[in-house]
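Please treat every number below as a calculation from the coordinates, not as lab data. Because the structure is a prediction, the values reported are computed rather than measured. Positions of Cβ are generated from backbone atoms using ideal geometry, with glycine treated the same way; all protein chains shown enter the neighbour counts.
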Protein chains: 2
Amino acid sequence: MPPLTARYWILNSPLLRSMFMSITAAILSIGTELTSGLTVDTNSAHISTRLAELGIVTLRHVTVGDHVDDIAAAIAAESVGADVLVISGGLGPTEDDLTRQALAGVLGVELVLDEKVLEELTLFFERRGWSMNPTNRVQALRPAGTETLANPVGTAPGIYARVGKAEVFVVPGVPSEMRTLIDLHVLPRLAGKAGSACLVFRTVHTFGAGESAVGAEIRDLMHRSANPLVGTTVADGVVSIRVRAAAVAKDQAEKLADQRVEEIRRRLGKLVYGVDEETLPAVLGQLLRQRAATLSIAESCTGGWLGKLLTEPSGASDYFLGGLICYDNRVKRDFADVDEAMIAAHGAVSEQVAGAMAQNTRRRFGTTYALSITGIAGPTGGSGDKPVGLVYTALDGPTGLRLQRNQLPGPRDRVRLRSALMAMNMLRLELEDSTRK
Amino acid sequence: MPPLTARYWILNSPLLRSMFMSITAAILSIGTELTSGLTVDTNSAHISTRLAELGIVTLRHVTVGDHVDDIAAAIAAESVGADVLVISGGLGPTEDDLTRQALAGVLGVELVLDEKVLEELTLFFERRGWSMNPTNRVQALRPAGTETLANPVGTAPGIYARVGKAEVFVVPGVPSEMRTLIDLHVLPRLAGKAGSACLVFRTVHTFGAGESAVGAEIRDLMHRSANPLVGTTVADGVVSIRVRAAAVAKDQAEKLADQRVEEIRRRLGKLVYGVDEETLPAVLGQLLRQRAATLSIAESCTGGWLGKLLTEPSGASDYFLGGLICYDNRVKRDFADVDEAMIAAHGAVSEQVAGAMAQNTRRRFGTTYALSITGIAGPTGGSGDKPVGLVYTALDGPTGLRLQRNQLPGPRDRVRLRSALMAMNMLRLELEDSTRK
């Protein structure tokens with residue numbers, strides 16, 4: 001062993017820990033689909049992020065398969081090393097769902113039937129006109145002396161227990177149910193107890209430049225020992241800048257984080273489209289709503305993906321009327337009035353066709369703006385002068401037609417998603433520019 | 001603790017383990033960006049999958065932050081419980097890269113400079129015309145008595161060591177470098193030793209019934225000690241059955257797995273739509289192509305999601321012509337010819353409107369089939385007799401119109417995705433039925 005640090009002694013003594021550190025957590029994920037590598041565990045990262053909002057530092061993530069003794073051994077070990085243990089998975093109705101049994105084993109108690117949960121389960125099925133399978137009854141069991149955490153969005157309620165000094169929360173492994181129970185039970189119960197250091201996270205989202213170009217503008221803010229700590233990540237063509245501010249009080253940490261976000265915004269200008277939960281579709285929707293403008297679309301290679309993204313925000317019907325999925329050229333001709341001669345002369349993937357799709361869709365739908373996309377998503381269909389990844393996006397609006405030619409790298413789905421984001425970004429920039437004037 | 005199973009004793013005894021089980025592994029990921037939740041760990045799943053090809057069963061994934069004592073404690077603990085320990089991360093040149101130091105601490109040895117690695121590092125930078133930062137020198141250090149694993153694609157070489165009876169491999173955390181070193185060093189070194197068992201995985205995908213209903217049909221196949229081992233998982237409304245077969249030779253394991261897949265198919269009948277990489281859109285596309293049939297769609301609440309899914313397979317233009325995104329009622333009227341009086345009488349979310357959308361779209365696009373979706377995705381827009389989650393799907397085709405009323409649980413995006421899947425599944429069943437006749 002290396003020379004043991006002060007941190008080691010602090011972490012391993014509940015007394016020292018309570019004096020010197022914020023509350024610590026371990027996260028345990030259950031499932032042979034995870035240990036075998038068939039599924040990537042995204043729950044642990046989500047739970048860590050949410051706990052950090054309370055200043056709770058996650059020390060370890062552990063994943064074990066669907067074996068009752070492995071689960072029990074992990075619960076016993078991890079509940080010694082941390083103040084909070086959050087367990088996800090193994091609460092389903094089938095034979096390989098064994099978290100209840102393992103927890104009961106660690107506690108040395110029997111499983112008992114929670115009559116109230118059984119009643120709610122029965123109602124859950126009745127409301128949907130389904131008959132409840134007898135195996136679902138097992139989901140109303142919990143170790144004696146523990147508490148049930150109600151699950152309004154599924155059939156697996158969570159469990160709250162104390163194992164030694166640790167507070168243990170068990171939530172379902174289905175990500176949407178996990179998230180609901182974290183919001184509804186885990187965070188509220190822990191909110192009051194978190195210690196001194198408070199962490200606040202912000203994420204600034206940009207679109208239109210690569211990670212290295214974005215990084216070059218904020219290099220001096222990215223020192224590893226800086227507070228706030230600043231780093232970049234990329235996902236689906238969106239370059240995001242993470243800001244983590246630490247302070248004794250939450251409002252101080254928030255102020256630090258917000259100041260850094262403002263500095264990043266100032267440097268990156270119109271590359272920035274939003275912060276934290278602000279998505280490109282939501283920001284675009286807000287801009288359209290503010291201007292009482294409406295939108296229609298015509299998409300070819302994206303096949304509906306642009307429309308899917310635009311309708312992610314609830315209330316999109318305020319500005320989004322609908323559109324045409326012109327996958328086949330006959331649909332471009334019959335519904336988007338694209339001249340067959342134009343397609344013959346320039347090809348379906350051309351500036352001319354993209355422009356006609358946007359202009360004709362705007363006219364036929366009677367909207368303020370229309371966006372169009374036509375391209376070659378691949379892997380087949382490319383040629384010498386029109387390679388895979390060539391995508392035209394067009395925007396028609398009150399000030400005329402704008403066209404963009406893009407040559408996008410990567411596999412089919414990446415080209416498609418990037419195309420839809422680029423079309424949305426064209427309209428965002430247009431709306432932001434016209435607002436500024 | 002629950003009563004300890006035979007498996008527990010076998011796993012915890014190297015002697016029994018070597019007699020009864022295939023080689024076992026633990027995987028340790030290093031990085032505070034992982035424990036804090038900023039980055040999702042995808043390395044562990046990849047490594048597990050690759051080890052499984054050699055018949056090595058991964059028992060645990062563990063993640064710890066960039067703290068030398070946490071890393072050392074995890075190395076010490078995990079190398080007792082498994083035959084192989086693969087560690088990824090913490091080999092970079094910066095202050096928070098501490099895996100080398102932790103491993104040296106566990107082994108009770110000093111770090112020594114590997115002159116050959118230093119030379120290669122210097123060359124690596126020279127070839128790229130970069131000057132080597134002095135901090136990169138640390139990447140030429142390894143614990144005394146361990147071996148260097150050359151890294152042809154980056155500056156962080158890996159390390160091979162023995163800790164107690166466990167073989168320990170350290171590889172970089174950068175996914176592309178990790179994958180290269182797994183291929184180049186880890187798998188070849190383990191290939192000869194993996195001993196008897198070879199594992200083969202299959203996944204059977206179903207749509208249309210809940211996890212408990214699917215589980216009830218295959219309960220007797222799901223014994224925890226069965227070979228093949230069978231378990232269920234749910235994601236996005238799809239219930240999948242995992243099959244893991246173990247045998248001495250790969251072809252034996254494959255035969256076992258395939259026989260079990262056939263048994264599952266026989267029991268679950270038309271609930272099963274595919275195996276392994278077969279997605280619902282791909283299977284549906286194959287059925288349409290076989291029958292030289294074409295498809296158009298009209299979608300309201302899904303806003304394009306159905307089209308996006310249908311165009312995921314390359315070559316979807318063989319059967320998918322396109323469709324209408326009828327988000328606003330004016331688009332339902334003007335493009336899908338839905339009578340305004342019908343909308344006024346029954347509402348846009350009604351059997352009548354869903355039926356008209358499918359019939360008129362099929363006629364206007366001239367396709368063999370047309371699918372339509374209209375519903376209330378929420379969270380707003382619901383009412384007493386038409387609650388959030390009420391979705392009508394319709395299919396019009398040569399044998400007439402089919403309608404389905406669904407009451408779907410969950411948040412907006414779940415309702416939308418499930419609606420699109422249900423529409424596709426209606427058509428799959430129709431095509432499979434007509435093929436059987």
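Within the same chain, aspartates and glutamates fewer than 8 places from B:K116 are excluded, and of the rest, those with a Cα less than 17 Å from its Cα are B:E126, B:E147. Inter-copy label distances at B:E278, using a point 7 Å along Cα-to-Cβ, come to 4.6 nm with the shortest given first. The long axis of helix B:351-365 is offset from the longest Cα principal axis of chain B by roughly 90 degrees. Of the residues B:G307, B:G384, B:G173, the one that moves most in a GNM of chain B with alpha-carbon contacts below 10 Å is B:G384.
Computed from Cα positions, the angle between helix A:280-290 and the longest principal axis of chain A comes to roughly 60 degrees. Between A:G381, A:G65, A:G129, the residue with the greatest mean-square fluctuation in the GNM of chain A (Cα pairs under 10 Å linked by springs) is A:G129. Which translational diffusion coefficient, to the nearest whole µm²/s, is obtained for chain A from the Stokes-Einstein equation, given a Kirkwood hydrodynamic radius over C-alpha pairs, 10 °C and 1.306 mPa s? D, rounded to a whole number, is 63 µm²/s.
Just to be sure I understand: of the beta bridges DSSP finds with both ends in the protein assembly as shown, what percent are antiparallel, rounded to 5?
On the way: 96 of 150 bridges.
The antiparallel fraction comes to roughly 65 percent.
3J(HN,Hα) along the stretch A:23-28, derived from phi through the Karplus expression 6.51 cos²θ - 1.76 cosθ + 1.60 where θ = phi - 60°, amounts to 4, 10, 9, 10, 10, 10 Hz, with x in place of Gly and Pro.
Note that the stretch A:63-80 has calculated 3J(HN,Hα) couplings of 10, 10, x, 7, 10, 4, 6, 5, 5, 4, 5, 5, 4, 4, 5, 6, 7, 7 Hz, one per residue in order, obtained from phi through the Karplus relation 6.51 cos²θ - 1.76 cosθ + 1.60 (θ = phi - 60°); glycine and proline are x. Note on B:K270: aspartates and glutamates with a C-alpha under 14 Å away, same-chain residues under 8 apart excluded, are B:E217, B:E262, B:E430, B:E432, B:D433.
Looking at chain A, the DSSP beta bridges with both ends there are about 60 percent antiparallel.
Both the radius of gyration and Dmax for the stretch A:198-275 are 12.0, 36 Å, in that order, over alpha-carbon atoms.
Here the stretch A:280-436 carries DSSP beta bridges of which approximately 60% are antiparallel, counting only pairs with both residues inside. Across all C-alpha atoms in the stretch A:280-436, the radius of gyration and Dmax reach 14.5, 44 Å.
Using Cα atoms only, what is the angle between the long axis of helix A:43-52 and the major principal axis of chain A, expressed in degrees (0 to 90) to the nearest 10? Value to nearest ten degrees: 80.
Please report, in debye to the nearest 20, how large the charge dipole of chain B is about its Cα centre when each Lys and Arg carries +1 at its beta carbon and each Asp and Glu carries -1 there. Intermediate results must be reported in sequence, preceding the final value.
Numbers: 46 positive and 48 negative charges, 307 e Å.
Dipole size: approximately 1480 debye.
Residues whose amide H comes within less than 5 Å of that of B:L408, counting only those at least five positions distant or on another chain, are B:L390, B:V391 (H built at 1.01 Å from N in the peptide plane). For A:E110, the distances from its label point to the matching points in the remaining copies are 6.3 nm, ordered from shortest, with each point set 7 Å beyond Cα toward Cβ.
In this structure the amide hydrogen of B:L324, modeled in the peptide plane, comes within under 5 Å of the amide hydrogens of A:I325, B:I297, B:A298, B:E299, none closer than 5 places in sequence on its chain. Across the stretch A:68-216, the relative contact order, built from alpha-carbon pairs under 8 Å that are at least six residues apart, equals 25 percent. Relative to the globular-protein estimate of 2.2 N^0.38 Å, the Cα radius of gyration of the protein assembly as shown stands at 0.99.
Report the residue, chosen from B:G389, B:G90, B:G37, that carries the largest GNM mean-square fluctuation when chain B is represented by alpha-carbon nodes joined by springs under 10 Å. In this elastic network of chain B, the residue with the biggest mean-square fluctuation among B:G389, B:G90, B:G37 is B:G37. With its label point put 7 Å out from Cα toward Cβ, A:R289 sits 4.3 nm from the same residue's point in the other copies, in order from shortest. Counting Lys and Arg as +1 and Asp and Glu as -1, what is the net charge of the other residues whose Cβ lies under 10 Å from the Cβ of B:R60? That sum, taken over residues with Cβ under 10 Å, equals -2. Across the stretch A:237-252, computed HN-Hα scalar couplings (Karplus, 6.51 cos²θ - 1.76 cosθ + 1.60, θ = phi - 60°) run x, 9, 8, 10, 10, 8, 10, 10, 10, 10, 7, 5, 10, 4, 5, 5 Hz from first to last residue, x flagging Gly and Pro. For the stretch B:266-367, the set of GluC sites (Glu not before Pro) satisfying both a DSSP loop assignment and a count of at most 15 other C-beta atoms within 10 Å is given as B:E277, B:E278. Taking every C-alpha pair closer than 8 Å and separated by at least 6 residues, the mean separation divided by the residue count of the stretch B:280-436 gives a relative contact order of 25 percent. All Cα-Cα separations within the stretch A:127-171 were binned at 10 Å from zero, giving a P(r) of 24, 47, 21, 7, 1, each value a whole percent of the pairs.
Please go through the residue pairs A:K308/A:K332; A:K165/B:K165; A:K332/B:K332 and name each one whose alpha carbons sit more than 23 Å apart in this structure. Working shown, then result.
On the way: A:K308/A:K332 20 Å; A:K165/B:K165 34 Å; A:K332/B:K332 18 Å.
Among A:K308/A:K332; A:K165/B:K165; A:K332/B:K332, the Cα-Cα distance tops 23 Å for A:K165/B:K165.
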